[in-house]
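Novice: One structure is given below, represented as structure tokens, and several questions about it will come after.
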Amino acid sequence: NTAGDVTLLGANTITNLGAFTSTGTGGFSLSDLGGLTVTGDVSNNFGAVSIVTTVSPLTISANITATGQSLTLTGVGINQTTGTILAAGLTVNAGAGAIDLSQTSNDFTGSVSLNNSGPNNVAITDANAINFGTSVLGIGSLTVNAVGITQSGAITITGTSSFNAGTGVITLTQSNDFTGSVTLNSTGATVAITDTNAIDFGASTLGSGTFTVNAVGITQTGGAITQSNGAGAVTFNAGNGVITLINPSNNFTGAVSLNNSGANNVAIVDSNDITIDVTNLGSGAFAVTGTNINLNNNVTTTNNSQTFTGNVVVNASNNGSPLVLSSGFGGILIRVAMF
């Protein structure tokens, strides 16, 4: 068959479109003015593929093959019930509807842009790594399952976000804005995330890599943050914001650096031992709780108090120089736990 533009009227079910070869650069476009259900197999060998229904839901129950080509799906809600989608790039415009592209065999080799609004959840799965392009989502939840999660464009979402990267990295360092709580899960690789405003963490389980957070305020309300044994360094850069990580089940096995400015308090709790590395803070109070608190490098603050609750171990040297606890006009209180 020769691909081109196909426009339908009303709610239609398309069964097994078969393989198409485009005669030009325009690719294949299927539009339906009502609801649209696509079943069977859709394959396009050249040019972009677009499947659109303008005022009703789009249901995908088909194998869609656009390997090397971009795919655009548009509808008021987009639901994949069966089948596999293979595409180089994916743009999803779901309007005031949900997005469910969670079949485990999907493989998106190019950037993925997801867009919707309102209280509508979004779920997407990639059998391999996924890379996000610019995405704007509503107040529903976002759930991502892949083997590695990166981005080339910012993600803006009002609802909660859950990123499950398997053994892959999580690198979400664009100008993101996560208004709801963020859950990060990765079993082995580095994790880095950026929020242009405040970020709040849900329960997160991290592997052996480093963990870096950049935001204007860092908190947690949904559960503990835990790293695997012998994990990499942890860096929290909170700008002119607080750092409040006081879930009693936190477990940071990598050395922790904490940085902020202004009159913003910093508090961190570890259920086991915690190592504090180079730390530069503003004029808020600073509190650390752990079984054993290892101070590896200088802790510098301005006009604030420092409280350490646990067995405190101050290393004898800081790269050959004396270690300094500096506390402006405040005080340093060390509470030693009794066992």
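Novice: Using only the Cα atoms, what convex hull volume per residue in Å³ does region 99-197 have?
Specialist: Details: hull volume 7.2 nm³, N = 99.
Taking the convex hull of the Cα positions in region 99-197, it is 73 Å³ per residue.
Novice: How large are Rg and Dmax for region 227-312 when only the alpha carbon atoms are used, in Å?
Specialist: For region 227-312, the Cα-based Rg and Dmax read 11.8, 35 Å.
Novice: To continue, here is another question. Would you mind putting 102-109, 177-184 in packing order, based on average other-beta-carbon counts within 10 Å, highest first?
Specialist: Values: 102-109: 17.0, 177-184: 21.0.
Going from most to least packed, we get 177-184, 102-109.
Novice: Say each of Asn229 and Ala127 gets a label point 7 Å from the Cα, pointing the same way as Cα to Cβ; how far apart are those two points in nm?
Specialist: Those two pseudo-labels are separated by 3.5 nm.
Novice: Over the Cα atoms of region 156-251, what radius of gyration and what Dmax do you get, in Å?
Specialist: Answer for region 156-251, Rg first and Dmax second: 12.0, 34 Å.
Novice: Is the C-alpha gyration tensor of region 26-118 telling us rounded, prolate or oblate? Criteria: a/c under 1.5 is rounded; beyond that, a/b larger than b/c is prolate, otherwise oblate. Present the calculation step by step, with values, prior to reporting the outcome.
Specialist: Working: a/c = 1.42, a/b = 1.32, b/c = 1.07.
Cα axes put region 26-118 in the rounded bin.
Novice: Same structure again: Accessible area of region 30-171 with a 1.4 Å probe: how many percent of it is carbon plus sulfur? Please list the in-between numbers first.
Specialist: On the way: 2600 of 4550 Å².
Heavy-atom surface of region 30-171 belonging to carbon and sulfur, 1.4 Å probe: 57 percent.
Novice: Which value, in Å², gives the accessible area per residue of region 124-227 when a 1.4 Å probe is used on the protein heavy atoms?
Specialist: Working: 3220 Å² over 104 residues.
I get 31 Å² per residue for this part.
The values are calculated or read from the model by the stated rules, or taken from the named source; none is laboratory data. Remember, predicted model here, so these are calculated numbers, not experimental data. Cβ: placed from backbone, ideal geometry, glycine included. Neighbour counts: every protein chain shown. Side chains included, ligands, DNA and RNA excluded: accessible areas come from the protein's heavy atoms. Shrake-Rupley method; radii C 1.70, N 1.55, O 1.52, S 1.80 Å.
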